[in-house]
Amino acid sequence: METRRPLLNLLLAGPANAGVTALTRRLAGEDGGPFSTGDNDCAAVDASADSAGILQRVMRGTVVADGLVLVCDASDRRFERFESAARLASVLGIGQVVVALNKVDRLATPDELDEARERVRRTIVRTGVDCPAIVPLSARTGGNVRDSADGVLGNDGPSLTDIISGFEAPPPPSGQPLRLPLTEAADGRGPRFHEGRLKSGVLVEGDRVVLSPSNVAARAARLRIPDGGRDAPTARAGDRVSLLLDAEADVAPGQLLSHVENPPVESDVFRAKVWWRRRQPLIPGSRIGADIGDRVVDAEVQSIDHVIDPSEIANVDTDRLSHGHIGEVVVRAPGMLALDTPATCPANSRVRFLDDDGVSAWGFIGMEGYADQRNVVTVRATNVTRVAHHVWTDARVARHRHRGGVLWFTGLSGAGKSTLAVEVERSLFDKGYEVYVLDGDNVRHGLNADLGFSPEDRSENIRRVGEVAALFSRAGIVAISAFISPYRSDRARARAAAGDGFHEIHIKAPLEVCERRDPKGLYARARSGEIRDFTGISAPYESPEAPDLVVDTAANDVASCVERVVAYVETVLSVNGGPGAPKS
């Protein structure tokens, strides 16, 4: 018996007059029915027909977009509207994207086609969309839409339908990673069972599992199906189960059970890509109820980015989310959450914002630019006992005539952290301070040579440096840490490691100033797409909310900035007049 292939929903979007409707008809025919690409059966959804309604239904989850065809007019040199359409791929969480470079039959020369391709490429890079192909075609004639014609219309690769044929259907809930939200339930026969309904995946008796965000590991010792009160060796997506764990795990509200091999992300900050329903706009600093994976938390709106008016498929230059608009909201929660994105587990990726009147926004979770913090908060060492020192803190202070401390310089690349760090070190050393600089590039040559620049590696980089700086501080040394350290959560862990000795110093300069300086040429490489996840361009920088000191390097020269930091140190760390004062 032949198994029916799943139907892929393709969303076609682009600026007005780019030819979205014409291309949709070319793919699906005048009747708009499903069509075959060879490997897939597809349905084409023309977003231009009712852009606001269609995009709102995508955000609510009533319409699933498995792939996105971005339609661009090759003869149009104004790319603002195309960039807005490209941003949809990120805001809508669509991972499979292809660009249809339409109307190439209107171009006079191959050079014009090359210029159009380059404009598209640069636009795609700016939006951060992962796009495998740009297909030159003509929706009017059908050229390169279904059949690849090498050399015709500048085509040097597969046709549009060839690319679509490689799109993958999303797995059914049972084929996705295991996600089981748990609650406690007392079993009448004695052992404590935990109840829940599988959102996705398959759970088999004996499986090794982990609870998130508590990171408690256990084994599924026994499964029961409450409806009928029977034991069952296997539970699948949609089943309500009672589960007995082999460890007496403390299942607090909001714990999510998964297999050890494929757990959710853990973070206290995430992107919520939502459609806003209220007349009152959502603004940074607002408090919201965030309903995530059957758990509601009181969270704060940290920032709002990439706002799109779906009725026009146009970017809106604002930091607020108005009625009917779609945008990326960076949300900070009071503690760790177990999170999934459409790429990791679609069944557990939805989010709703709640207020006194009900649901104020629908959408899904994104983690672009933010780290999975599971590894940096997990303690794996066992049978470890701290060693007590015989040299007391007071003795170190008495010898050095200053307290140890961590001067944590944070700021954008090019703000001047390393420059100031070494100058402050020289000045303090000359005054008699025990001082040492921990610089980002230097540390990555040794201690952190095994780390890259992914969000997760960045967090681990800062965790290690925070612990090392705390050791320096306890030894009575002033440690100057010069790291971008873009995430507030990472800096909070560094503060916790050093305790009262931690001093957060914001080395502040606007992005345009840092980019103009660009001492290492990194901004230019990030703008060209050569460097991904670059802070300030394609990855976030979370400015300190309440730093101990702000040093503005755009408004002051190096000497005055150094003087400001040294004066601060002498105020907060010096004892009995400081190292250079005469001894009584």
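For the chain, the number of Lys pairs with C-alpha atoms closer than 28 Å, counting only pairs eight or more positions apart or on separate chains, is 7.
For the peptides 557-563, 211-217, the ranking by mean Cβ contacts within 10 Å, running from highest to lowest, is 211-217, 557-563.
When R26, R197 are ordered from fewest to most other Cβ atoms inside 10 Å of their Cβ, what list results? Mind dumping the intermediate values first?
Working: R26 22, R197 14.
Lowest to highest Cβ neighbour count: R197, R26.
In this rough spin-label picture, where each label sits 7 Å from Cα along the Cβ direction, the D394-V422 distance is 4.1 nm.
Using mean Cβ contacts within 10 Å as the protection proxy, how do 347-358, 446-457 order, highest first? The partial results should precede the final answer.
Numbers: 347-358: 17.8, 446-457: 14.1.
Top to bottom by mean Cβ count within 10 Å: 347-358, 446-457.
When percent of Cα pairs over 34 Å apart is computed from the coordinates, the matching label among [x] 68; [y] 53; [z] 45 is [y].
For the chain, the longest principal axis of the C-alpha atoms and the axis of helix 80-91 are separated by about 70°.
Panel order for S165, S138, by other beta carbons found within 10 Å of each beta carbon, from fewest to most: S165, S138. What the phi angles of the range 256-270 give under the Karplus curve with 6.51, -1.76 and 1.60, with θ = phi - 60°, is a coupling list of 10, 8, 9, 5, 4, 6, 9, x, x, 6, 10, 6, 9, 9, 7 Hz, glycine and proline written as x. Taking the average, over residues, of other Cβ atoms within 10 Å as the packing measure, peptides 204-210, 90-96 rank 90-96, 204-210 from highest down.
What does the charge dipole of the chain about its Cα centre add up to, to the nearest 20 debye, if the Cβ of each Lys and Arg holds +1 and the Cβ of each Asp and Glu holds -1? Walk me through the numbers before you get to the answer.
Working: 70 positive and 81 negative charges, 233 e Å.
Computed charge dipole of the chain: roughly 1120 debye.
Please rank F364, F409, fewest neighbouring Cβ atoms within 10 Å first, as an exposure proxy.
Details: F364 22, F409 29.
Least to most surrounded, the residues fall as F364, F409.
Taking 0.36 nm per residue of separation and subtracting the Cα-Cα distance, full extension of the segment from S560 to D305 would add 88.3 nm. Taking amide H atoms as placed 1.01 Å from N in the peptide plane, the amide H of L8 lies under 5 Å from those of D41, C42, A43, each 5 or more residues away in sequence or on another chain. Positive-end ranking of G166, L471, I283 along the dipole of the chain, with charges on Cβ about the Cα centre, is headed by L471.
Once you order the gyration tensor axes a ≥ b ≥ c over the Cα atoms, which shape class does the range 7-165 get: rounded for a/c under 1.5, otherwise prolate or oblate by comparing a/b with b/c?
Values: a/c = 1.66, a/b = 1.24, b/c = 1.34.
Oblate, since a/c reaches 1.5 and b/c is not below a/b.
Quick check on the chain: helices-only [θ] at 222 nm, where DSSP H runs of length 4 and up contribute -39,500 (n - 2.57) each and the sum goes over total residues. Nearest 500, please. Rounded to the nearest 500, it is -7500 deg cm²/dmol. Were the residues from V572 through R474 laid out at 0.36 nm apart, the gain over their Cα-Cα distance would be 33.7 nm.
Each reported figure results from applying straightforward, stated rules to the coordinates on display, with no laboratory input. These numbers come from a predicted model, not from an experiment. Because the Cβ atoms are built from the backbone with ideal geometry, glycine has one as well, and the counts that use them run over all protein chains shown.
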